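Just so it is clear, none of the values below were taken in a lab; they were calculated from the coordinates. None of the values given here were measured: they were computed from a predicted structure. So basically every Cβ, Gly included, is an ideal-geometry build from the backbone, and we count neighbours across all protein chains shown.
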Amino acid sequence: MKSNGGLTLIELVLVISIVALLVMAVGLTGGIRENAKVHSAAESVKALRTAAESYIAAGSMTYTGITVDGLKTSGFLPGSFTATGTNPWGGNYAIAPNTDANKVDISMTSVSASAAARLSALFANSAASTSYASEIWTATF
């Protein structure tokens, strides 16, 4: 008997199936990572919102003058909180008074459109509004 050294049909189907499974697994991990980034960013936005609410509760009548550094100095944010280049997409966090000084805007830079849509959905019931333009996502509370 001679062996011709080629693959049988069953072996070929098996190899193609394994390759397809590996491709799917790699694709799914990208979605898992993006989901983790969205949830990490949402937790930071919640921390900033809580700090802003504490700022008002401590006696400020409006959000005028609110900054990340001011919130850290006042002890409303941990001293280790860094707003520059630390959001999950490598962008910045910012907090500022809204045009209505009784509201505060929390924003992030370098956010993708799909992540912005997911963040907006997460804050649909708690934010007064959310917006997205030029890779900047903003929530107003």
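Worth a mention:
- Mean sequence separation of contacting Cα pairs (under 8 Å, at least six apart), scaled by the length of the chain, corresponds to a relative contact order of 17 percent.
- For the chain, the longest principal axis of the alpha carbon atoms and the long axis of helix 9-57 meet at an angle near 10°.
- Local electrostatic count at Ala139 - Lys and Arg +1, Asp and Glu -1, tallied over other residues with Cβ under 11 Å: +2
- Considering only Leu122, Leu22, Leu71, the mean-square fluctuation computed in a Gaussian network model of the chain, springs between alpha carbons under 10 angstrom, is largest for Leu22.
- Label-to-label distance for Thr99 and Arg33 is 3.9 nm, based on points extended 7 Å past Cα in the beta-carbon direction.
- Neighbourhood net charge (14 Å Cβ-Cβ; Lys/Arg +1, Asp/Glu -1) for Gly31: +2
- Within a straight-line Cα-Cα reach of under 19 Å, Lys37 can be paired with the following aspartates and glutamates, leaving aside sequence neighbours fewer than 8 residues apart in one chain: Glu135.
- Between helix 113-122 and the chain: long-axis angle, C-alpha atoms, 0 to 90°, nearest 10: 60 degrees
- Modelled label positions at Thr64 and Ala20, each set 7 Å beyond Cα in the direction of Cβ, lie 6.6 nm from each other.
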